[in-house]
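The values are calculated or read from the model by the stated rules, or taken from the named source; none is laboratory data. What you are looking at is a predicted structure, and each value in this text was computed from that prediction instead of being measured. Positions of Cβ are backbone-derived with ideal geometry, glycine not excepted, and every protein chain shown enters the neighbour counts. What goes into the accessible areas is simple: the full protein's heavy atoms, side chains included, and nothing from ligands, DNA or RNA. Shrake-Rupley method; radii C 1.70, N 1.55, O 1.52, S 1.80 Å.
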Amino acid sequence: DRSTVSLVKRCCNKKSKDDIIVSCGMTNSQLWWKGVRSSKFRHVYGRPAKREGCYENIKITKNAHDSHFCAVNPKFVAVVTEVAGGGTFLVLPINNTGRLDFNASRVTGHRGPVLDIKWNPFNDNIIASCSDDCTIKLWYIPDGGLATHLSEWLIDLHGHKRRVGYIEWHPTAENILVSAGFDHLMIVWDVGCGEAVNVIDCHPDVIYSMSFNRDGSLIATTCKDKKLRIIEPRRGIVLSLNSLVDSIKFLFSASHHLKTGRSHENSDRQYAVWNQNDLSAPLCTDTIDCSSGVLFPYYDHDSRIVFLAGKGDGNIRYYEVVDQSPWLHYLNQFLSGSPQRGLGFIPKRGCDTTQCEIFRFYKLHATKGMCEPISMIVPRKSDTFQEDLYPDTAAPTPALSARDWINGRNCNPVLMSMNTGVAVRTHKPQSPPIVTPVTNLSAANNNNSKKFAFLSQETIQIIPLSEKSQKTSSNQSTKFQQIQQIFGQPNIMTDEYKRGERGEQPGDSPKTEFQLQRAYSRQCEELKLLRKQLANRERRIKELEEQVQMLQRKSHK
């Protein structure tokens with residue numbers, strides 16, 4: 001009635017929207033209504049790219065491994081592809097959209113299927129990949145993209161006994177990479193010198209996921225034993241341990257972390273928010289649906305929005321994170337009729353600020369060979385820079401060196417303004433010495449010096465050329481490379497003649513020397529890893545003995 005309406009208006013004038021609770025009297029009952037929560041992200045919507053803005057004719061991998069299979073930065077889009085033997089992935093310039101050429105150049109150095117790929121956060125031309133062949137490799141991609149198949153890696157890391165499932169770059173330290181294998185080990189690598197910093201052996205079963213916190217001082221993992229572990233990666237010590245329902249994927253978000261999993265009672269998909277300082281019970285838990293796909297969480301630190309997307313699903317749900325109960329507020333979902341095999345996302349510095357874009361996914365379609373960009377947009381009428389939507393974000397510059405982080409320093413990411421247009425500089429660290437087993441050492445050193453020549457400078461992202469000029473330049477470079485390979489072969493007869501003068505068999509001796517060098521280097525790496533593993537166990541035993549002695553002293557007192 002009119003009296004109730006006037007009461008509501010008076011309450012609205014006196015209180016804010018978050019505090020309004022209006023009660024309307026009725027016979028033997030009460031109805032409660034709470035005001036709408038104010039948020040600038042309530043109307044975020046997803047806008048898929050048009051057909052000409054997608055990447056078509058891609059043979060996306062059909063591997064059942066729980067990974068994204070797609071990695072994006074402001075320069076390139078990388079997609080793991082299906083191949084008969086070995087493992088390959090495709091790297092395309094981000095503006096090279098449209099239908100892909102059938103014989104497009106790929107990265108073809110792995111001997112087994114590629115399981116995960118991640119771009120270096122501080123160098124847009126370096127990508128890391130892990131594979132079923134138990135190795136992690138680093139690759140350099142030139143600014144114009146690949147002209148021929150790339151089979152020469154920068155660094156080859158050996159240390160896992162079984163396939164390597166996941167890799168993660170450190171968010172603030174330079175050249176620090178963490179790998180998780182199906183041998184239940186996590187290895188912290190310093191890729192600058194190609195050595196293992198620490199071997200973490202605290203998981204009794206397969207590792208499902210891992211995630212760094214904001215400053216990289218902690219890393220949290222989920223395992224098949226249904227336990228959540230928060231680990232100090234430099235010492236390999238488990239700081240917190242707690243049993244979960246059935247957690248599969250999770251991520252850090254500020255002082256909390258969110259995990260997605262499945263309940264035992266009815267196999268429903270759920271999410272839960274935990275406090276990293278108290279793992280006794282979750283802050284909140286909610287059921288999402290009863291689908292069978294694995295849910296992957298994505299978090300935007302700037303807008304504090306969590307996106308949940310599952311394999312085989314066609315929708316993307318998103319929530320806003322707050323610092324009080326209920327901790328997560330449901331915003332909306334992006335609906336699509338095409339299921340997704342994987343989702344990559346671009347760093348915040350690659351978003352289009354003129355369109356009020358706060359996040360951008362790259363969706364790998366499960367039923368057709370297409371990669372489709374999906375922009376998450378806040379509707380605004382003005383096309384000027386929106387300061388409230390774009391606070392300072394993480395810059396492509398490391399806050400720490402690898403040595404400083406190993407010695408115990410922690411630091412938050414270096415921030416940059418989003419109101420910088422295309423003049424975003426990509427940090428290029430100086431090249432460290434790399435030791436790899438090769439056949440011709442002098443030629444290898446020469447090749448490495450050429451590869452790392454760009455690392456002593458800073459490059460500026462240049463506005464790309466048109467699609468027609470890109471295709472013309474790529475075709476010309478491809479033809480030139482083919483002619484150079486045909487007419488630029490070394491003098492094989494001269495080499496064989498020299499080997500005959502030395503009394504060596506033509507063709508057998510170099511192969512034997514290469515195999516011996518490779519076997520010797522692998523044995524040296526295995527010995528180093530075993531020594532570090534033994535040292536970590538002895539240190540852990542001493543710590544446990546000291547704790548037992550302290551408890552005994554307290555009990556006697």
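Could you identify the single residue in Lys227, Lys259, Lys249 that is basic (Lys, Arg) and at pLDDT 80 or above?
On inspection, the qualifying residue turns out to be Lys227.
Can you spot a residue in region 341-361 that is out of contact with any helix residue (DSSP H, G or I) (no Cβ under 8 Å at 6 or more places or on another chain) and more than 29 Å from Asn419 (Cα to Cα)?
Yes, region 341-361 has at least one match.
Can you pull out every residue in region 109-136 that is of a type in the set (D, E, K, R) and touching a His at 6+ places or on another chain (Cβ under 7 Å)?
Asp133
Consider Gly216 against the criteria (1) in contact with a helix residue (DSSP H, G or I) (Cβ under 9 Å, 6 or more places away or on another chain); (2) part of a strand (DSSP E or B); (3) buried (at least 22 other Cβ atoms within 10 Å of the Cβ): it satisfies all of them except one. Which criterion is unmet?
The single condition Gly216 does not satisfy is (2).
Let me spell it out: the conditions are (1) within 26 Å of Asn125 (Cβ to Cβ); (2) of a type in the set (Ser, Thr, Tyr); (3) open to solvent by 10 Å² or more (accessible area, probe 1.4 Å), and Thr172 meets all of them except one. Which number is the exception?
The failed condition is (3).
Suppose we filter region 132-164 for residues that are out of contact with any Pro (no Cβ under 6 Å at 6 or more places or on another chain), farther than 22 Å from Ala64 by Cβ and assigned to a loop (DSSP other than H, G, I, E, B); how many remain?
13
Could you tell me how many of the residues in region 289-344 are open to solvent by less than 20 Å² (accessible area, probe 1.4 Å), assigned to a loop (DSSP other than H, G, I, E, B) and among the polar types (S, T, N, Q)?
1
Could you say whether any residue in region 177-195 is surrounded by fewer than 19 Cβ atoms within 10 Å (Cβ to Cβ), touching a residue at least 60 places away in the same chain (Cβ under 8 Å) and not in a loop (DSSP other than H, G, I, E, B)?
Yes, region 177-195 has at least one match.
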